[in-house]
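**Student:** Have a look at this one before I ask anything.
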Amino acid sequence: MAEIEHAIGGRPKLKNSKVRIDFYVSENDADTLKSLAERKGSSLSQLIRSITREYIEQTR
């Protein structure tokens, strides 16, 4: 029975769950961010999260 409940439940809950935030940037900013992410070897999402965390830490 536990196997069935596990299969129906989908993905397991993560400790640090995330929420989706959508925003728009200019094409130039998007190109710059994509280029920076590529140079750092990370995804665009990872880069934005990293930049956001750094900003939050600096403004606390």
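**Student:** Summarise the accessible area of the chain (1.4 Å probe, protein heavy atoms) by the percent that is carbon and sulfur.
**Tutor:** C and S fraction of accessible area: 52 percent.
**Student:** Helix 27-40 versus the longest principal axis of the chain: what is the Cα-based angle in degrees, 0 to 90, to the nearest 10?
**Tutor:** The helix 27-40 is inclined about 70 degrees to the chain.
**Student:** What full-extension length gain, to one decimal in nm, is calculated for S45 and S26 as 0.36 nm per residue of separation minus the Cα-Cα distance?
**Tutor:** Values: separation 19, 0.36 × 19 = 6.84 nm, distance 1.64 nm.
That works out to 5.2 nm of additional length.
**Student:** Then there is this: State in Å² the accessible area per residue of the chain; use a 1.4 Å probe, count heavy atoms of protein chains only, and round to the nearest integer.
**Tutor:** Details: 6290 Å² over 60 residues.
Result: 105 Å² of accessible area for each residue.
**Student:** Would you check the accessible area of Y55, probe 1.4 Å, heavy atoms only, in square angstrom rounded to 10?
**Tutor:** It works out to around 150 Å².
**Student:** Let me ask something else about it. Relative to the longest principal axis of the C-alpha atoms of the chain, give the angle of the C-alpha long axis of helix 44-59, reported between 0 and 90° and rounded to the nearest 10°.
**Tutor:** Its long axis makes an angle of about 70 degrees.
**Student:** How long are the semi-axes of the ellipsoid equivalent to the chain, from square roots of 5 times the Cα gyration tensor eigenvalues, in whole Å, largest first?
**Tutor:** Its equivalent ellipsoid spans semi-axes of 33, 16, 12 Å.
**Student:** Mean residue ellipticity at 222 nm from the helices of the chain, using -39,500 (n - 2.57) per DSSP H segment of n ≥ 4 over the full residue count, to the nearest 500 deg cm²/dmol?
**Tutor:** Numbers: 3 runs with 37 residues, N = 60.
That calculation yields -19500 deg cm²/dmol at 222 nm.
**Student:** Same structure, new question: How big is the accessible area of L47 in square angstrom, nearest 10, if you roll a 1.4 angstrom probe over the protein chains?
**Tutor:** We get 10 Å² for L47.
The values are calculated or read from the model by the stated rules, or taken from the named source; none is laboratory data. Since this is a predicted model, take the numbers as computed values, not measurements. Calculation scope for accessible area: heavy atoms of the full protein, side chains included, ligands and nucleic acids excluded. Shrake-Rupley method; radii C 1.70, N 1.55, O 1.52, S 1.80 Å.
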